[in-house]
1. Please enumerate the residues belonging to the stretch 59-79 that are touching a residue at least 24 places away in the same chain (Cβ under 8 Å) and under 19 Å from residue 195 (Cβ atoms).
2. Picking from 402, 380, 373, which residue would you name as being open to solvent by 40 Å² or more (accessible area, probe 1.4 Å), touching a Cys at 6+ places or on another chain (Cβ under 8 Å) and of a type outside the set (Phe, Trp, Tyr)?
3. So which of 298, 257 ends up being of a type outside the set (Val, Ile, Thr), open to solvent by 10 Å² or more (accessible area, probe 1.4 Å) and within 27 Å of residue 392 (Cα to Cα)?
4. Do any residues in the stretch 463-474 that are under 12 Å from residue 495 (Cα atoms) have Cβ atoms under 6 Å from those of residues that are among the hydroxyl-bearing types (Ser, Thr, Tyr), where the two are at least six apart or on different chains, and which pairs are they?
5. How many residues, within the stretch 309-348, are within 16 Å of the ligand (Cβ to nearest atom) and touching a residue at least 60 places away in the same chain (Cβ under 8 Å)?
6. From the set of residues in the stretch 84-118 that are open to solvent by 30 Å² or more (accessible area, probe 1.4 Å) and closer than 21 Å to residue 190 by Cβ, which is nearest to the ligand (Cβ to nearest atom)?
7. With the requirement that a residue be of a type outside the set (A, V, I, L, M, F, W, C), surrounded by fewer than 18 Cβ atoms within 10 Å (Cβ to Cβ) and over 22 Å from residue 314 (Cβ atoms), what does the stretch 447-481 give you?
8. Looking at 268, 306 in this structure, which one is more than 16 Å from the ligand (Cβ to nearest atom), in contact (Cβ under 8 Å) with a residue 60 or more places away in the chain and open to solvent by less than 20 Å² (accessible area, probe 1.4 Å)?
Amino acid sequence: MASRSHRWWQTAVIYQVYPRSFQDTTGNGVGDLPGITSRLDYLAGTLGVDAIWISPFYPSPMADFGYDVTDYCDVHPMFGTLADFDDLRVAAHDRGLRVIIDWVPNHTSDQHPWFVASRSSRHDPKRDWYVWRDAKPDGSPPNNWQSNFGGLAWTWDERTGQYYLHSFLAEQPDLNWRNPEVQAAMFDTVRFWMDRGVDGIRIDVAHYIMKDPQLRDNPPAGERVEGVRDRGEYDALEHIHDKGHPDIHGVFRELRSVLDGYPGDRFAVGEIHISDWDEWAAYYGENLDELHMPYNFSLLWAPWSASGYRSRIDAMEAALPEGAWPNLVLGNHDEVRLVTRYGPHRARVAAMLLLTVRGTPTMYYGDELAMPQTEVPPQQEQDPWGIRVPGQSRDGCRTPMQWTAEPGAGFSRGDVAPWLPCGSDPDSHNVANQTADPASMLSLYRSLLVLRRAEPALHAGAYRSVDAPEGTYAYERWAGDDRFLVVLNFTSEETAFSIDEPGSIELGTGLDRAGPVGGSLSLGPDEGVIVRLQPDGDVVSTQT
Ligand code: NOJ
């Protein structure tokens, strides 16, 4: 039972749906909103998550697959209609599932009517809605800022003789959030969806919207931070001026007051890639009056190591402002698939970690099936980033959800070519087969989700890490008298963890363990175990 003292977004497990790749109902090889609606029983029932975050489904020329929006208040016809969205929202709520949508405030499409007007003339009323600057005397761009997707962050506009800023593709011009009209217009788009009953927003590159007002050059980078994606040339600069200006906090306080004006705990989570914990924590707001959570991506690129994982989780816990709620992300539509990063056994340990550390977990569709990264042949490559910068393609983690072993994987009709090829392993990684297999990855996720939902200690309780043999990460979770110990073996060797009190195994990553433990808990290679402890004990571990 969910704890009453917690908000829904604290106890929820969020599941990310990439709408192009979830379920195609029209036979065009691209997923759509009615497709998601048709799979809600799977999400709420078979799997048992609490909320879905749907990546953008707005009208868009799809230069960046929907992260280039031409209308924030509509649905791309390829995905359906606003009525389809309403049906989806109602059907989700009927099943107790919350709906979170993606809000893309940093940039629009270059086809958005706002930008079309803005670039039409230097005197257009919307000119200042975007970031326009003169060239330097030698004709070069105003500063040295780089696009995340390769090349300069400035594009020259011949007609009006100025550069415009784009932190991503040239087709994604950055909005000028220092203009109050932009703020008002964008907050209205949030109201539009709140009025339609959505439960929350995921904010795309939330830390980008406020830049240095003087647009100063970024200095050269210092040492590369370990455990973040390698972006090649982009990493040569220290990105201190092109994002994260402190003025951003005023914007998020304003956003929060918009959300708080609605009943029902409307929620905002920010996509924020920051390695400095204090800077990250500042996005909660000094009075917890900004974002409900900035995403915690610290483990996405972390090497697989018990001490590294423990220190990152403990550092996040230590950085949290009083009363702030933690969270964890291990995969999304921008990253190499979990099972490909870690391998099949370790991905099970990662699943146990994701669903048992303190905070709100966000799962990525298909990870519950251990869907691996798909090799997409160059001639089928779609991702603009991968096309511009070899090695950066995100296509391999965006391939169709595999529902069955049939041609088309149950995603689309067998005679239809999906927008990205299906994985080459549909026999083992699909919902139908894994539902029937009691040892499958899906069965593990289902068991973890059932246990997590049933136990306040796991979805709302306290956390502390405990000392463990090298290569093992162990922590306690508790609420009232209910206590659990989670022990994760990060090595491929057997290990043993000593517990000086009796307990019983609730779940192991191999789904083959149960029963009492006391004294010594032995763990197989790459195995994780959840132990239910007696009330009032104290776990002590030493190497045995
Ligand atoms: C972050 C999103 O997750 C990514 O997919 C997108 O390409 C960029 N923001 C630009 O919107």
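The values are calculated or read from the model by the stated rules, or taken from the named source; none is laboratory data. No experiment lies behind these values; they were computed from the predicted model shown. All Cβ positions, glycine included, derive from the backbone under ideal geometry; neighbour counts span all protein chains shown. The area values use the complete protein model at the heavy-atom level, side chains included, leaving out ligands, DNA and RNA. Shrake-Rupley method; radii C 1.70, N 1.55, O 1.52, S 1.80 Å.
1. Residues of the stretch 59-79 that are touching a residue at least 24 places away in the same chain (Cβ under 8 Å), as a first pass: 60-61, 63-73, 75, 78-79.
Listed by number, the residues that qualify are 69, 71, 72, 73, 75.
2. On the way: 402 fails: open to solvent by 40 Å² or more (accessible area, probe 1.4 Å); 380 fails: touching a Cys at 6+ places or on another chain (Cβ under 8 Å).
Exactly one of 402, 380, 373 is open to solvent by 40 Å² or more (accessible area, probe 1.4 Å), touching a Cys at 6+ places or on another chain (Cβ under 8 Å) and of a type outside the set (Phe, Trp, Tyr), namely 373.
3. Answer to the check: 298.
4. Going by the 6 Å Cβ cut-off, the qualifying pairs are 468/541; 469/495; 471/491; 472/495; 473/309.
5. Count: 7.
6. The extreme case among them is 114.
7. Result: 480, 481.
8. Of the residues listed, the single one that is more than 16 Å from the ligand (Cβ to nearest atom), in contact (Cβ under 8 Å) with a residue 60 or more places away in the chain and open to solvent by less than 20 Å² (accessible area, probe 1.4 Å) is 306.
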